[in-house]
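Every number in this text was worked out from the coordinates using simple rules, so none of it is lab data. Keep in mind that this is a model prediction, so the values were computed, not measured. Glycine gets a Cβ as well: all are built from the backbone with ideal geometry, and neighbour counts include every protein chain shown.
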Amino acid sequence: MSNVNTVVFTIVVVLFVLVTFIGFAAARWRRAEDMLHLNEWGLGGRGFGTFIAWFLLGGDLYTAYTFIAVPALVFASGSIGFYAVSYTIMVFPIAFIFLPRLWSVCRVHNYVTPADFIRGRYGSRGLSLAAAFTGILSLMPYIALQLVGIQAVLTVMGVAASSNNTYVKDTPLFVAFVVLAVYTYVSGLRAPAAISFVKDTLIYVFVIAAVFYIPTRLGGWSHIFGAAQTHMAAINPATKEPNGTFIPTTKSVGSTQFDFATLALGSAVALFLYPHTITGALATKRRNVVKRNMALLPAYSVLLACIALFGYMAIADKTTAAAVKKAGNTQLAVPYLLQHMFPSWFTGIAFAGIIIGALVPAAIMAIAAANLFTRNIFKEFFKPDASPRLETRVSQWASLVVKFGALAFAVWLPHTFAINLQLLGGVWILQIFPMLVFGLFTRWFHRWALVAGWAAGMIYGTIAAYNVHTATSSHWASSSDIVFGHTVYIGFTAVVLNLIVSVVLTLILKAVRAPAGTDETLPHQYTADPEQAPVPAPAGVGVASD
Amino acid sequence: MTEPTATPSAPRDPQSAATRRTNPVLAHPITSLAIGVLVAAAILCTLIVPIYAHVTPKIGDFPFFYFYLLIYMPATALALWIAMRLQRRLQPRQPADTGTAGTAGDPVPGGVR
């Protein structure tokens, strides 16, 4: 720990201790009579208003990894990284269409997870299992990536680089994660909800300061954009092609406009299919809270756009660019930039913001994955008469398992592995789009056809992502590949295939009159706005309705 | 966007009479159209990349592409806020019980499985 800046380190530690305190104290916040119910532990009492939900969803959607990876992509490849900006705009009008309906039906039927809804809508355990499995599978690498985000910051702080021994090197990460795991276990969703206030404040402060201050150090925006444009047009000696693109091209292959649009659309749709974002949305009090937040959350996207521009600032700042090149890891671009540009006390605040920014989504993701396991695997297949208390206990333990799984992932496997899997996670989670989103509007699709479509999309997406190669890497080179001569996001192609299979098989299955399954939802429940949170029913009541 | 889609296989029960109340979209065609246009525009104006994938005209020091993406966010927020306000008009003045009616008349008590 020889080259650790004491000021930076102290500020980060102090802020970390503060959020730890908040995390434990959150258990007493809006205290319920019985914390041992999934609506309490897993959804914070389903009573968050517009204000809290804004912080919670903001803290949930914009993860620390986004803050590290988006500027890293912009730094490495230029304009294509801005698909993230486009998608975080598009996501809100899209979610505005279907999210309120999901909220209503989940509220009326006391559904805790998206797979609960699919189970009720199609009367199919298999389909619900497919959704739960996909959700957990996509969340694991996502949580691991939050740790990768923390590691990037710790590396630049000098904390992680001091030893070659994995255990010594990752001790700070380990400590941070154990603390996180324990207060999530105790306080449930209330912990990340409370901590998100600290996270969002820190992030807002440092991003706004950076956006106004850094350009003055680098000769203004015109110089930043100029340096970026020159750098992107320059020929990379390794690939014999330009470093990147400054504006999406009109060609058919490469960082094209079509690739940009499909990446943005696919990611936008995927974002509100991820179980952790649905968990955040279901924790709200009223239907209108969800809608209002769709109009208020774009404020965070402005922040993300500024953060994406950090990638260009890192190109324009020669010291940062050289440090990143020396380390051979573009993910260090933002931490190095902040460290080089700001006085140590402010770097400490910014680094603490990123680290805490990783803890909030990691906690919500672990809760969401735990709820999926409990409701749709444990209760569905192993213990149908599980009481709400037992459900909550199982979820608490499952959240610990998920977190340590992710920790193992981040510490022992190469980072590229986690990144590739997260890329796949987006492709995978998109495959529940037909069953979930179309299911909110129509019962036309047949459950077996949806299972087949899901399987087709999962298999195609996984193989296609594995096969993408470039001059510098043989597999997993990108989230886009070439279909019919055009570069297109793999998730997009896979979900189109999924839809085609679902439609064709539905027509066939309807023709042969295959049993359609019972739908326990009613049309008016998709627009209902019950004021009271669903009454915790005694265990086993609903089993009779199966 | 807010109306329930007619679902052929939905369970038939005494409640469905209440759901077939005046269709809010048919009752307010212009408001509904406005909501549809606002939401569709919010999606399409960023999905159709050729609209803004240009370096020029520069606004200040910002190339058009980057400026457009920055400005687009407040615009989306505004569009959705208006859409939300308009949706309130679609809701017929209902007695206060409609919200909870869903739960009360729910054929699956509590809905917990």
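Mean projection of the alpha-carbon convex hull of segment A:60-165 over all orientations, in nm²?
9.9
Amide H to amide H under 5 Å from A:TYR489: which residues, 5+ apart in sequence or cross-chain, H placed 1.01 Å off N in plane?
Excluding prolines and chain starts, which carry no amide H, the hits are A:THR262, A:LEU263.
Can you pull the one-decimal nm distance between simple spin-label points at A:ILE500 and B:ALA40, each 7 Å off the Cα toward Cβ?
2.6
Structure shown: which of A:LYS285/A:LYS510; A:LYS285/A:LYS379; A:LYS251/A:LYS291; A:LYS251/A:LYS326; A:LYS379/A:LYS403 lie over 31 Å apart, alpha-carbon to alpha-carbon?
In this structure, A:LYS285/A:LYS510; A:LYS251/A:LYS291; A:LYS251/A:LYS326 exceed 31 Å between Cα atoms.
For chain A, what does -39500 (n - 2.57) per DSSP helix run (n ≥ 4), summed and divided by total residues, give at 222 nm, in deg cm²/dmol to the nearest 500?
-22500 deg cm²/dmol
Using mean Cβ contacts within 10 Å as the protection proxy, how do A:377-386, A:116-125, A:343-352 order, highest first?
A:116-125, A:343-352, A:377-386
Grab the eigenvalues of the alpha-carbon gyration tensor for segment A:243-394, scale each by 5, take roots, and send me the semi-axes largest first in whole angstrom.
38, 22, 17
How high is the relative contact order of segment B:25-91, in percent, with contacts defined as C-alpha pairs under 8 Å that are six or more residues apart?
45 percent.
Give the residue from A:VAL105, A:VAL488, A:GLY81 lying farthest towards the positive end of the charge dipole for chain A; charges sit on Cβ (+1 for Lys and Arg, -1 for Asp and Glu) and the dipole is referred to the Cα centre.
A:VAL105
Over segment A:54-110, one equal point on each Cα, no solvent: what is log10 I(q)/I(0) by the Debye formula at q = 0.14, 0.20, 0.21 Å⁻¹?
-0.54, -0.85, -0.89
Work out from phi, with θ = phi - 60° and the Karplus expression 6.51 cos²θ - 1.76 cosθ + 1.60, the ³J(HN,Hα) of each residue of segment A:11-22, listed in order in whole Hz, and give x for Gly and Pro.
Each residue of segment A:11-22 in turn: 4, 4, 5, 4, 5, 5, 5, 4, 6, 5, 4, 4 Hz.
Assuming 0.36 nm per residue, please report the length gained on full extension of the stretch A:ARG31 to A:GLU531 beyond their Cα-Cα distance.
Going from the current span to full extension adds 178.1 nm.
Counting only other chains, what is the mean number of Cβ atoms within 10 angstrom of the Cβ of each residue in peptide B:76-85?
Partner Cβ neighbours, averaged per residue: 6.
Once fully extended, how much extra length lies between B:ALA27 and B:VAL55, figured as 0.36 nm per residue of separation less the alpha-carbon to alpha-carbon distance?
5.5 nm
Using the Cα atoms of segment A:46-415, I'd like the radius of gyration and the largest Cα-Cα distance, Dmax, both in angstrom.
That works out to 21.0, 66 Å for Rg and Dmax.
What value does segment A:110-250 have for Rg/Rh, both radii from Cα atoms and Rh as Kirkwood defines it?
So for segment A:110-250, dividing Rg by the Kirkwood Rh gives 1.10.
Considering all alpha-carbon pairs of segment A:1-119, what whole percent are spaced by more than 24 angstrom?
Pairs farther apart than 24 Å: 52 percent.
State the percent of C-alpha pairs, over all pairs in segment B:25-91, separated by a distance greater than 20 angstrom.
Within segment B:25-91, distances greater than 20 Å cover 41 percent of Cα pairs.
Where the only charges are on Cβ atoms (+1 Lys, Arg; -1 Asp, Glu), what is the dipole of segment A:1-138 about its Cα centre, to the nearest 20 debye?
The calculation lands at about 320 debye.
Mind listing the long-range amide H neighbours of A:PHE246? Cut-off is under 5 Å, sequence gap 5 or more, other chains count too, H placed in the peptide plane at 1.01 Å from N.
A:SER79
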